[in-house]
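Peer 1: I'd like to ask you about the structure that follows.
The values are calculated or read from the model by the stated rules, or taken from the named source; none is laboratory data. Keep in mind that what you see is a predicted model, and the values were worked out from it rather than measured. Neighbour counts are summed over all protein chains in view; Cβ atoms, including those assigned to glycine, are modelled from backbone coordinates with ideal geometry. To get the accessible areas, we keep the full protein, side chains included, count just its heavy atoms, and leave off ligands, DNA and RNA. Shrake-Rupley method; radii C 1.70, N 1.55, O 1.52, S 1.80 Å.
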Amino acid sequence: MPISPQNMQLLNDLNSALGPAVAPSVSAASAENDVFEVYIFGLVLEAARREGATITYQDVHGNTGVTNLIFRTSPSYISTTTQAYTHAIISFPNKPELEAHVGIYVAGKSNVQHECDVAVVDRAEAQSARATGSLPRSLRVLFSAECKFYSSTPGIHLGRGFLGLSKDLSRVCYLVLNISSTSIERLLSQHLKHRCRERVHPIDQHSVDLLLHSFCSEFREYKRS
Amino acid sequence: MTDEECGEVYEVLSAYISNAGLQWVIEQVDEAIILGRLVDVPIKEQGSARTATYAIVQEATAPDALNKRSKPKYIQQIKDYTNCERLTMLLDALELAIVRSDALEQAVFKLLSPAQENIRIEFVPERRNDRGFILEKPETDRLAPLRTELFDKIERLKKEINAN
């Protein structure tokens, strides 16, 4: 059956509106995922603020107060100086400082290198890693998040891959999805240390609040320790 | 719109999306379509699965079953999507990837700069040959009405699918 003239017109109207609405930030899955990672990084910072922290941006060269924030498009070493990548210093009163990073490698329990999309690291550990060109140890990662942006429901392989990664990380690891995936949520519900948060997107405030609450709990625990 | 016409519209729309440089959206939708939809089905009704080979995935129980002894047994079956469902999935994906990126970008600016300083966010690859991109609020604001217009077109097409 051919497409009716009326529906063909709707399709053509949609096509005309599509091109001008496409920005570089959505032109590739990886770009949209990069923005999503920085969004989750922002939620980590928001949770820290709610728990009484002050936030300062710093680049890898030690410059603070930067307003041109530079983030990675693929994971790299925390000590990388080829670009002035930005991280955030999280300062709680009377507690050692923390750093929040996007897209860095850390050393797992097995000493194997893993990538963390978002990681909150003990600052002394991060400084040492930058100075020596080593990997931050996962033991010194307060918590981390694996961030996945999908336009349609992803397969269970994502959950399986995450389980493999998070088992080698010492602390709590979150799988944060922008979309719902019942099968991944079911798979990870069996594991206390590996937490899945679905539908995390500004259009679903309830899911965002749940994740923020989880991040706040991590920081509260840190302040109590 | 009939299911057959939805299939035709899907093909044309896929070509438009691909031409707009958004092949990744189609690939992700295609992946979800290939996986099919898992539904909980009482064991007695399991004959309508995609194929017998795929029928039994795992045992599940009815979520609202209160009594263990009388709890009906369910299995998960893979069901194929209809053409209309596929088209709806593609439109939903387009909406999430393009239209809703406005909310995502605005949230990024707000979270990274609560004091509303004029920050600029750059995504810079470590390797020189890779491409990066920049997020700037004025550009996101400029795109907002264009994304809204696209949303209106998507909604109009969705209404046609649901009208049948």
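Peer 1: Determine which single condition A:Ile40 fails, assuming it passes every other condition in (1) facing chain B (nearest Cβ under 7 Å); (2) under 20 Å from the mean Cα position of the chain (by Cα); (3) open to solvent by less than 10 Å² (accessible area, probe 1.4 Å).
Peer 2: With respect to (1) facing chain B (nearest Cβ under 7 Å); (2) under 20 Å from the mean Cα position of the chain (by Cα); (3) open to solvent by less than 10 Å² (accessible area, probe 1.4 Å), A:Ile40 is out only on (1).
Peer 1: For A:Ala48, only one of the following conditions fails: (1) within 9 Å of another protein chain (Cβ to nearest Cβ); (2) under 19 Å from the mean Cα position of the chain (by Cα); (3) small (Gly, Ala, Ser). What is its number?
Peer 2: (1)
Peer 1: Next question, about the same structure. Can you pull out the residues in region B:108-119 that are among the charged types (D, E, K, R) and exposed (fewer than 13 other Cβ atoms within 10 Å of the Cβ)? Outline the logic, then answer.
Peer 2: Filtering region B:108-119 for residues among the charged types (D, E, K, R) gives B:110, B:117.
B:Glu117 - this is the single residue of region B:108-119 that is among the charged types (D, E, K, R) and exposed (fewer than 13 other Cβ atoms within 10 Å of the Cβ).
Peer 1: Within region A:87-113, can you find the residues that are of a type in the set (Gly, Ala, Ser), touching a Ser or Thr at 6+ places or on another chain (Cβ under 9 Å) and assigned to a strand (DSSP E or B)? Show your work before the answer.
Peer 2: The initial filter retains those residues of region A:87-113 that are of a type in the set (Gly, Ala, Ser), namely A:88, A:91, A:100, A:103, A:107-108, A:110.
Okay, now just the ones that are also touching a Ser or Thr at 6+ places or on another chain (Cβ under 9 Å), so A:88, A:91, A:103, A:107-108.
The answer is A:Ala88, A:Ser91, A:Gly103, A:Ala107.
Peer 1: What helices (runs of 4 or more DSSP H) completely inside region A:120-219 contain at least 3 residues that are open to solvent by 10 Å² or more (accessible area, probe 1.4 Å), without any contact (Cβ under 8 Å) to a residue 24 or more places away in the chain and more than 30 Å from B:Arg37 (Cβ to Cβ)?
Peer 2: Working: elements: A:123-132, A:157-167, A:182-188.
Where helices (runs of 4 or more DSSP H) fall fully within region A:120-219 and carry at least 3 residues being open to solvent by 10 Å² or more (accessible area, probe 1.4 Å), without any contact (Cβ under 8 Å) to a residue 24 or more places away in the chain and more than 30 Å from B:Arg37 (Cβ to Cβ), they are A:123-132.
Peer 1: Moving on. Quick one: count up the residues across region B:1-18 that are within 8 Å of chain A (Cβ to nearest Cβ) and open to solvent by 60 Å² or more (accessible area, probe 1.4 Å). Spell out the reasoning first.
Peer 2: In the first step, residues of region B:1-18 are kept if they are within 8 Å of chain A (Cβ to nearest Cβ); the result is B:1-2, B:4-5, B:8-9, B:12-13, B:16-17.
In the following step, the residues that additionally are open to solvent by 60 Å² or more (accessible area, probe 1.4 Å) were identified as B:4, B:8.
The number of residues fulfilling the criteria is 2.
Peer 1: In this structure, is A:Thr54 more than 12 Å from every other protein chain (Cβ to nearest Cβ), among the β-branched types (Val, Ile, Thr), touching a strand residue (DSSP E or B) at 6+ places or on another chain (Cβ under 7 Å) and surrounded by fewer than 18 Cβ atoms within 10 Å (Cβ to Cβ)? Step through it out loud before you land on a result.
Peer 2: On the way: more than 12 Å from every other protein chain (Cβ to nearest Cβ): no; among the β-branched types (Val, Ile, Thr): yes; touching a strand residue (DSSP E or B) at 6+ places or on another chain (Cβ under 7 Å): yes; surrounded by fewer than 18 Cβ atoms within 10 Å (Cβ to Cβ): yes.
Spelling it out, it is not the case that A:Thr54 is more than 12 Å from every other protein chain (Cβ to nearest Cβ), among the β-branched types (Val, Ile, Thr), touching a strand residue (DSSP E or B) at 6+ places or on another chain (Cβ under 7 Å) and surrounded by fewer than 18 Cβ atoms within 10 Å (Cβ to Cβ).
Peer 1: While we're on this one: Could you tell me whether region A:66-78 includes any residue that is over 23 Å from A:Ser25 (Cβ atoms), away from chain B (no Cβ under 12 Å) and either surrounded by 21 or more Cβ atoms within 10 Å (Cβ to Cβ) or at pLDDT 95 or above (or both)? Don't jump to the end; show me each part of the working.
Peer 2: Of region A:66-78, the ones over 23 Å from A:Ser25 (Cβ atoms) are A:77-78.
If we keep only those that are away from chain B (no Cβ under 12 Å) too, we end up with A:78.
Within this subset, residues satisfying the condition of being either surrounded by 21 or more Cβ atoms within 10 Å (Cβ to Cβ) or at pLDDT 95 or above (or both) are A:78.
Within region A:66-78 (the criterion being over 23 Å from A:Ser25 (Cβ atoms), away from chain B (no Cβ under 12 Å) and either surrounded by 21 or more Cβ atoms within 10 Å (Cβ to Cβ) or at pLDDT 95 or above (or both)), the answer is yes, since at least one residue qualifies.
Peer 1: Further question on the same structure: Checking B:Thr148 against (1) assigned to a strand (DSSP E or B); (2) more than 7 Å from chain A (Cβ to nearest Cβ); (3) not basic (Lys, Arg), which single condition isn't satisfied?
Peer 2: Evaluating B:Thr148 over (1) assigned to a strand (DSSP E or B); (2) more than 7 Å from chain A (Cβ to nearest Cβ); (3) not basic (Lys, Arg) leaves (1) as the failure.
Peer 1: Can you pull out every residue in region A:71-86 that is closer than 24 Å to B:Glu117 by Cα, touching a Gly at 6+ places or on another chain (Cβ under 9 Å) and not in a loop (DSSP other than H, G, I, E, B)?
Peer 2: Within region A:71-86, A:Phe71, A:Arg72 qualify.
Peer 1: Right, here's the next one. Being small (Gly, Ala, Ser) and farther than 22 Å from A:Leu18 by Cα is the filter; apply it to region B:1-59 and report the residue that is modelled with the lowest pLDDT.
Peer 2: Only one residue fits best here, namely B:Ala52.
Peer 1: Right, B:Tyr16: of a type in the set (Phe, Trp, Tyr), at negative phi, touching a residue at least 12 places away in the same chain (Cβ under 8 Å) and not in a loop (DSSP other than H, G, I, E, B) or not?
Peer 2: Working: of a type in the set (Phe, Trp, Tyr): yes; at negative phi: yes; touching a residue at least 12 places away in the same chain (Cβ under 8 Å): no; not in a loop (DSSP other than H, G, I, E, B): yes.
No.
Peer 1: I'd like to verify a number: residues in region A:93-113 that are surrounded by fewer than 19 Cβ atoms within 10 Å (Cβ to Cβ) and of a type in the set (Val, Ile, Thr), how many?
Peer 2: Qualifying residue count, region A:93-113: 1.
Peer 1: Which members of region A:18-27 meet the condition of being out of contact with any strand residue (DSSP E or B) (no Cβ under 9 Å at 6 or more places or on another chain) and either more than 7 Å from chain B (Cβ to nearest Cβ) or open to solvent by 10 Å² or more (accessible area, probe 1.4 Å) (or both)? Can you show your working first?
Peer 2: Step one: list which residues in region A:18-27 are out of contact with any strand residue (DSSP E or B) (no Cβ under 9 Å at 6 or more places or on another chain), which gives A:18-22, A:26.
Hits for region A:18-27 are A:Gly19, A:Pro20, A:Val22.
Peer 1: Also, I was wondering about something else. Could you please give the count of residues in region A:2-16 that are at the interface with another protein chain (Cβ under 7 Å from one of its Cβ atoms), open to solvent by 10 Å² or more (accessible area, probe 1.4 Å) and either part of a helix (DSSP H, G or I) or within 30 Å of A:Pro75 (Cβ to Cβ) (or both)?
Peer 2: 3
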